[in-house]
Amino acid sequence: MTTPFRPASGRCCLGIDTGGTFTDAVVYDHGTDRVLAASKTPTRHEDLYGCVVEAMTSVLTGGRGASTEAVSAADIGLVAVSTTLATNALVEGAGKPAALVAIGFESETLARVGLRTGTGEVTSERAGTSLAGNGRDRLTGSLAAAPVVVVGGGHGAHGDEQDPLDVDELARAVDRVDDSVEAYAVAAQFSVRNAAHELHARAVIQERTGKPVTCSHELSPRLGGPRRAVTTLLNAQLISVTARFTEAIRAAMASLQLDARLMVVRGDGSLVSADFVTQRPIETVLSGPAASVIGARHLAGASTARQELPDANLLVVDIGGTTTDIAAIRNGAVVAADGSDGEDTATVGGHATMVTALPTVTVGLGGDSEIRIPIDGSRGQLAVGPRRVVPLCVAAQRHRDVVLPMLRRQLEAERPRAEFGQVLLRATSEASAEHVGSRAGQDSLDSEIMRLVDSAGGALPLEDLKRSARWRGALERLERSGRVRRAALTPTDACVVLGLIDAEASLDAAAAEAGAALFSRQRDRYGVDVGTDAVDLCRRVMHIALRDATEALLGVALGADGISPGETKRQLAQTALDRRHREWARIAADAPADTARERPSAQPLWGLLESGETASVPITTDAAATLPDRSPLARIDAGVGVPIVAIGAPATTYAPLVAALLGTAAIVPTHAEVANAVGAAVAPVRITKQITVTAPRRGSYRAHWGDDPPVWHSLDEAREWATAQATEAVRAEADAAGASDAAISVDFQTRTAPSNGRELFVEATLRVTATGRPLQQ
């Protein structure tokens with residue numbers, strides 16, 4: 001078990017995880033290594049302040065699962081937060097408008113990674129060209145519409161200026177796009193070898209606009225300009241999202257008189273100050289998954305019955321309302337993948353970034369994922385996710401006089417329309433919602449939709465909107481801006497219908513059943529009904545969700561073993577999973593009717609998913625079904641050989657089923673439902689700086705740091721200078737993060753190449769890391 005960093009004696013840590021669906025809070029006592037109190041609060045995106053205050057108040061006043069010990073604001077010396085908000089924004093394509101200023105790049109180079117304007121073009125006054133790109137790396141969501149301007153400038157591989165920065169061109173480009181964006185990203189050719197042009201461009205943009213500007217060299221020290229540019233653009237789009245979040249946390253702390261340091265979990269599992277995060281929000285991408293890995297690892301190893309786990313191999317799966325996050329742990333260690341050895345860094349929502357992160361895989365699959373019929377799907381096909389919506393069983397509780405009556409009325413229609421079973425919900429007040437980047441005509445249409453939602457009491461059936469492309473575009477803008485949310489059928493509704501979860505006071509079972517019955521009458525593009533009734537549809541939905549999660553887990557395990565995760569899609573793997581599914585269906589069918597469910601296990605849960613008609617049907621169209629009277633001659637197996645540690649609110653429902661399909665055991669530790677908040681509470685402070693040393697000519701060594709990298713006449717001199725610069729930088733950042741006693745480690749690696757019987761210097765990489773514990777105020 002990873003040893004937590006302990007606050008000063010007598011002080012506790014308040015760990016918070018603000019997810020897309022729930023905000024979790026725990027009070028963690030580092031002196032006794034235990035959770036004193038825990039609480040779960042539904043995340044209200046329109047009222048983050050009130051949501052966080054509610055979560056903090058609940059956990060400080062005893063919360064669900066609290067011990068008998070009193071916890072007061074005076075006991076809290078550190079507030080540590082993890083959040084999936086940035087991750088969800090990227091998965092759902094909901095980043096805020098930002099522009100990319102690309103310095104010294106060719107348009108063709110940018111087009112290869114999909115960078116183009118909203119009309120499919122990369123604009124360049126210098127190059128005078130526009131390219132649609134080859135489509136191979138086409139960007140999606142808010143990235144696809146981001147303005148991209150190319151200006152002259154840039155440096156070479158050894159940090160020498162190739163062309164002067166064209167400041168006049170830059171000024172004209174900024175003036176052209178400024179009204180449509182909230183922030184800017186600046187990426188210059190070889191800026192990691194000389195940052196002068198990026199720093200100059202930032203000064204020009206800030207002087208003309210006053211808006212936030214992100215420079216690519218501050219986010220990653222690695223080569224790969226186009227990919228670094230994508231990372232920088234993502235960062236710019238997340239600035240206002242993250243700033244709003246940290247402001248809500250600080251205001252909540254002030255209202256509760258919490259005099260404590262505020263820190264945020266980065267994607268690599270370390271803590272940094274909230275001020276740092278507001279400038280580099282991209283580093284909170286996969287913050288939630290990182291905290292889940294740390295929390296799951298800590299909670300699983302904390303059990304006295306599982307002392308072998310600290311040195312074990314594990315798969316961690318965090319099943320949330322919006323996303324499912326998966327990670328592999330080898331020999332008890334979780335190692336961040338920073339790309340230094342060629343491995344990929346964080347990939348979220350299909351966007352490959354240069355963000356250092358724990359090696360997690362995030363898929364847009366959760367309890368609140370939208371159930372949909374793919375436009376280009378095969379006959380009778382259903383899909384789950386990636387868009388997050390409000391479950392109908394939840395929406396009906398909040399709007400009893402709208403949702404259930406609407407569903408029952410629509411069920412009486414001869415044939416349901418595509419928009420049936422969906423409701424628009426007001427998510428924010430008009431005063432708090434500020435939609436940026438719309439043109440005048442768009443604003444008028446957006447306001448008309450908001451007026452209709454308001455006149456309907458905050459819940460408007462989607463069928464009441466016009467079906468034109470303009471209205472659909474306005475609705476998409478409103479959903480991206482967070483002003484409205486859509487309620488629709490989800491796996492949570494399916495679980496309620498099937499009895500996999502109990503319909504508590506906060507859930508409306510009748511709405512879930514009516515919504516499923518309505519959806520089952522929908523037809524795909526071939527005119528085929530997607531279900532026979534509500535129960536049949538919900539079984540199909542759950543099988544799809546389970547299969548997606550199973551294949552994702554198997555893919556992570558294969559990747560950790562050096563095998564392509566894509567092998568899960570091949571016929572042998574698909575057939576093996578189908579056979580195990582049919583075996584569990586047979587076991588469930590033979591189980592006694594009174595099988596106890598006091599402790600969740602696979603057998604009774606499978607019984608709720610199966611019927612006599614579906615037991616021998618293959619789950620995928622690629623794998624052939626085994627006829628009931630024919631035994632297979634070949635033995636085919638696919639699964640994982642390590643336990644699955646499952647966390648998240650739905651873990652007790654999903655984990656036994658997924659583990660059964662993979663032929664392994666599921667571990668759901670105590671406090672699994674708030675594991676992310678626990679991970680935030682036990683995370684360390686860790687700061688790393690990297691400096692590359694190259695040889696522009698024989699006998700000269702340049703240490704690439706800042707905007708004027710010096711040249712030295714010996715490698716030892718370059719190394720000594722670089723070590724001093726990096727050490728000073730990590731100490732300063734660690735001290736700002738509250739880790740003034742951080743331990744410093746130095747790693748210096750030299751790369752050479754053989755030439756005429758001797759080794760020639762290519763480059764050297766210095767890494768200096770500060771690791772310490774966050775101190776209290």
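The values are calculated or read from the model by the stated rules, or taken from the named source; none is laboratory data. This structure is a prediction, so every number in the text was calculated from the model and none was measured. Positions of Cβ are backbone-derived with ideal geometry, glycine not excepted, and every protein chain shown enters the neighbour counts. When the accessible area is computed, the model is the full protein with side chains, heavy atoms only, and any ligands, DNA or RNA have been set aside. Shrake-Rupley method; radii C 1.70, N 1.55, O 1.52, S 1.80 Å.
What is the sum of charges around MET253, taking Lys and Arg as +1, Asp and Glu as -1, for the other residues whose C-beta is under 13 Å from the C-beta of MET253?
That sum, taken over residues with Cβ under 13 Å, equals 0.
Taking the Cβ of ASP561 as the centre, find all other residues whose Cβ is under 13 Å away and add up their charges (Lys, Arg: +1; Asp, Glu: -1).
0
Arranged from highest to lowest average of other beta-carbon atoms within 10 Å per residue, in what order do the peptides 455-468, 745-758 appear?
Listed from highest to lowest mean packing, they are 455-468, 745-758.
From the backbone phi of the range 655-665, what are the Karplus-calculated ³J(HN,Hα) couplings (6.51 cos²θ - 1.76 cosθ + 1.60, θ = phi - 60°) in whole Hz, Gly and Pro given as x?
So the Karplus estimates, Gly and Pro as x, are 4, x, 6, 5, 4, 4, 5, 9, x, 9, 9 Hz.
If R₀ is 30 angstrom, what is the calculated FRET efficiency for the pair GLU412 and ILE375, using the beta carbon separation as r and rounding to 0.05?
My answer for the efficiency is 0.65.
Through the Karplus equation 6.51 cos²θ - 1.76 cosθ + 1.60, θ set to phi - 60°, convert the phi angles of the range 282-292 into ³J(HN,Hα) values in whole Hz; use x for Gly and Pro.
Result, ordered by residue: 4, 6, 8, 4, 6, 4, x, x, 4, 5, 5 Hz.
When the label point is put 7 Å from the Cα of THR750 along its Cα-to-beta-carbon vector, which residues of the range 686-709 have a backbone N closer than 18 Å?
Under cut-off, by backbone N: 691-704.
Grab the Cα-Cα distance for GLU720 and THR532, subtract it from 0.36 nm times how many residues apart they are, and report the gain in nm with one decimal.
This chain segment gains 60.4 nm when fully extended.
Using 0.36 nm times the number of residues separating THR727 and SER740, minus their current alpha carbon distance, what extension gain do you get?
3.4 nm
Stretch ASP33-ASP707 to full length: gain in nm at 0.36 nm per residue minus the Cα-Cα span?
238.1 nm is the gain from fully extending ASP33 to ASP707.
Rounded to the nearest whole Å³, what is the per residue volume of the convex hull around the Cα atoms of the range 657-777?
It comes to 204 Å³ per residue, whole-number rounded.
Could you report the accessible area of CYS13 in Å², rounded to 10, computed with a 1.4 Å probe on the protein chains as they sit in the structure?
Here the accessible area works out near 0 Å².
Hey, what do the phi angles of the range 252-269 turn into as Karplus ³J(HN,Hα) couplings, whole Hz, using 6.51/-1.76/1.60 and θ = phi - 60°, x for Gly and Pro?
Listing the rounded values in order: 5, 4, 5, 5, 9, 6, 8, 9, 9, 6, 9, 9, 10, 7, 8, x, 8, x Hz.
Between the range 675-707 and the range 505-574, what is the separation of their alpha carbon centroids in Å?
With the range 675-707 and the range 505-574 each reduced to a Cα centre, they are spaced 42 Å.
Testing the spin-label approximation: label points 7 Å from Cα along Cα→Cβ at ALA509 and ARG586. State their distance in nm.
3.3
Mind ordering 733-742, 281-290, 211-220 by average Cβ neighbours within 10 Å, highest first?
281-290, 211-220, 733-742
For the ranges 698-708, 151-161, what's the packing order if you count other beta-carbon atoms within 10 Å of each residue, average per peptide, and put the highest first?
Going from most to least packed, we get 151-161, 698-708.
Taking amide H positions as placed 1.01 Å from N in the peptide plane, with prolines and chain starts having none, which residues 5 or more places from THR23, or on another chain, fall under 5 Å of its amide H?
Hits under the 5 Å cutoff: THR41, THR43.
With labels modelled as points extended 7 Å from the Cα through the Cβ direction, what inter-label distance (nm, one decimal) is found for GLU207 paired with ARG635?
7.5
Please compute the contact order of the range 203-312 in relative form: average sequence separation of alpha-carbon pairs under 8 Å and at least six residues apart, divided by the residue count, as a percent.
Averaging sequence separation for qualifying contacts and normalising by length gives 19 percent for the range 203-312.
How long are the semi-axes of the equivalent ellipsoid of the range 159-297, taking √(5λ) for every eigenvalue λ of the Cα gyration tensor, in whole Å from largest down?
Equivalent ellipsoid of the range 159-297: 31, 19, 12 Å, largest first.
Under the rule of at least 5 residues apart or a separate chain, name every residue whose amide H is placed under 5 Å from the amide H of ALA185.
Those lying under 5 Å, H to H, from ALA185 are ALA99, LEU100, VAL101, THR214.
Taking a 1.4 Å probe, which of GLU763, GLU414, GLU476 shows the most accessible area, and what order do the others take after it?
Solvent-accessible surface, decreasing: GLU414, GLU476, GLU763.
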